[in-house]
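Engineer: Got a structure here, written out as structure tokens. Questions coming.
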Amino acid sequence: MLYAVFMSASLPPFPPPQEPTAAPELLELGGPGQDPCLRADAARNRARLLEAAGRLIAEHGAAGVTMEAVAAAAQVGKGTVFRRFGDRVGLLTALLDHSERKFQAAFLSGPPPLGPGAPPVDRLNAFGHATLRRSVEALELQIAAEPTPDRRFTAPARRLLRGHVQMLLRQIVPHADCELFALTLMGYLDPVAVHHLTKQCGMPLKRLEDGWTDLLVRVTGVEPAATDGH
């Protein structure tokens, strides 16, 4: 399951930025069949399926993760895998769960500059660098779990990230069209774009991070504090 805030049935403009005064509300964002109150045996089965999927990725890459292959590796019926995860994207999304939860906690309530407490431009700069590093570290899995075109901009996890960027932009450039700016900035961080630039164009991560910082300066007119690359 993935945890997020800023969720609603549609995506209206976000309200004026406010730092959370309490721990973020937990909201399950995973695929069909993910019961948040899993029975102990169901939880064990889910862990077993994810472990099998993780082994397949380690051995054959994300392309080797099919519902049939996971069922065979876990020695369960194919229907069990479909009931638990809905489809292949749901399964791959579940594999990204641990990383997603850690990242969301870091930018929503973790230490600055990624979390609250730093100037908004520093937080936005740190957010971009952290998102790029996450994409590079789990690029094949992120590409395999890429939402379908009709969900690319409405998937809850994507909306949370874009909403966070929009919130920070409103603090930096309150009179700009921050909704469109946020969409533009998120395009720079898109895993498909990162795959093209790093794998097909051979660009190092450092160049992408420097490019993100330069883009922020050009969009906001504000220079972020220097980072240590982490």
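Engineer: Answer yes or no: is there a residue in segment 81-91 that is under 15 Å from HIS164 (Cβ atoms), out of contact with any helix residue (DSSP H, G or I) (no Cβ under 6 Å at 6 or more places or on another chain) and of a type in the set (A, V, I, L, M). Explain how you work it out, then say what you get.
Structural biologist: Step one: filter segment 81-91 for residues under 15 Å from HIS164 (Cβ atoms), giving none.
For segment 81-91, residues under 15 Å from HIS164 (Cβ atoms), out of contact with any helix residue (DSSP H, G or I) (no Cβ under 6 Å at 6 or more places or on another chain) and of a type in the set (A, V, I, L, M): absent.
Engineer: Please find, among LEU180, LEU197, LEU189, LEU208, the residue that is more than 14 Å from ARG123 (Cβ to Cβ), surrounded by 12 or more Cβ atoms within 10 Å (Cβ to Cβ) and either free of Cβ contacts under 8 Å to residues at least 40 places away in the same chain or of a type in the set (S, T, N, Q) (or both). Give the steps one after another, and end with the answer.
Structural biologist: Numbers: LEU180 fails: surrounded by 12 or more Cβ atoms within 10 Å (Cβ to Cβ); LEU189 fails: either free of Cβ contacts under 8 Å to residues at least 40 places away in the same chain or of a type in the set (S, T, N, Q) (or both); LEU208 fails: either free of Cβ contacts under 8 Å to residues at least 40 places away in the same chain or of a type in the set (S, T, N, Q) (or both).
Result: LEU197 is the single residue among LEU180, LEU197, LEU189, LEU208 that is more than 14 Å from ARG123 (Cβ to Cβ), surrounded by 12 or more Cβ atoms within 10 Å (Cβ to Cβ) and either free of Cβ contacts under 8 Å to residues at least 40 places away in the same chain or of a type in the set (S, T, N, Q) (or both).
Engineer: Also, quick follow-up: With segment 138-226 as the region, which helices (runs of 4 or more DSSP H) entirely inside it contain at least 1 residues that are among the acidic types (Asp, Glu) and under 15 Å from GLY128 (Cα atoms)?
Structural biologist: Details: elements: 139-144, 156-172, 178-188, 191-195, 205-220.
In segment 138-226, the matching helices (runs of 4 or more DSSP H) lie at 205-220.
Engineer: Now for a different question. What about LEU180, is it in contact with a helix residue (DSSP H, G or I) (Cβ under 8 Å, 6 or more places away or on another chain) and assigned by TED's automatic domain parsing to the domain that holds THR154? Break it down stepwise before answering.
Structural biologist: On the way: in contact with a helix residue (DSSP H, G or I) (Cβ under 8 Å, 6 or more places away or on another chain): no; assigned by TED's automatic domain parsing to the domain that holds THR154: yes.
No.
Engineer: Please state which of the following conditions SER109 fails to meet, knowing it meets all the rest: (1) over 18 Å from PRO224 (Cβ atoms); (2) among the polar types (S, T, N, Q); (3) surrounded by 17 or more Cβ atoms within 10 Å (Cβ to Cβ).
Structural biologist: (3)
Engineer: Is there any pair with a first residue in segment 131-150 that is closer than 12 Å to VAL89 by Cβ and a second that is of a type in the set (Ser, Thr, Tyr) and crowded, with 16+ Cβ neighbours inside 10 Å whose Cβ atoms are under 6 Å apart and which are 6 or more apart or on different chains, and what are they?
Structural biologist: The qualifying pairs are GLN142/SER135; ALA145/THR93.
Engineer: Can you say whether THR21 is of a type in the set (S, T, N, Q), at pLDDT 75 or above and at negative phi, as far as the supplied structure shows? It would help to see each step written out before you state the result.
Structural biologist: Details: of a type in the set (S, T, N, Q): yes; at pLDDT 75 or above: no; at negative phi: yes.
In short, no.
Engineer: Tell me, please, whether a residue that is part of a helix (DSSP H, G or I) and among the hydroxyl-bearing types (Ser, Thr, Tyr) can be found in segment 97-120. If you could, list the steps in order and put the result at the bottom.
Structural biologist: Quick first cut of segment 97-120, residues part of a helix (DSSP H, G or I) only: 97-109, 120.
If we keep only those that are among the hydroxyl-bearing types (Ser, Thr, Tyr) as well, we get 99, 109.
Yes, there is a match, as at least one residue in segment 97-120 is part of a helix (DSSP H, G or I) and among the hydroxyl-bearing types (Ser, Thr, Tyr).
Engineer: Could you tell me which of the residues PHE153, PHE127 is surrounded by fewer than 21 Cβ atoms within 10 Å (Cβ to Cβ) and among the aromatic types (Phe, Trp, Tyr)? If you could, list the steps in order and put the result at the bottom.
Structural biologist: Details: PHE127 fails: surrounded by fewer than 21 Cβ atoms within 10 Å (Cβ to Cβ).
So the residue among PHE153, PHE127 that is surrounded by fewer than 21 Cβ atoms within 10 Å (Cβ to Cβ) and among the aromatic types (Phe, Trp, Tyr) is PHE153.
Engineer: Check off (1) under 16 Å from the mean Cα position of the chain (by Cα); (2) among the hydrophobic types (A, V, I, L, M, F, W, C); (3) assigned by TED's automatic domain parsing to the domain that holds LYS206 for VAL121 and give me the number that stays unchecked.
Structural biologist: Here VAL121 clears every test but (1).
The values are calculated or read from the model by the stated rules, or taken from the named source; none is laboratory data. Every value quoted in this text rests on a predicted model; they were computed, and no experiment measured them. Backbone-built Cβ (ideal geometry, glycine too); neighbour counts: all protein chains shown.
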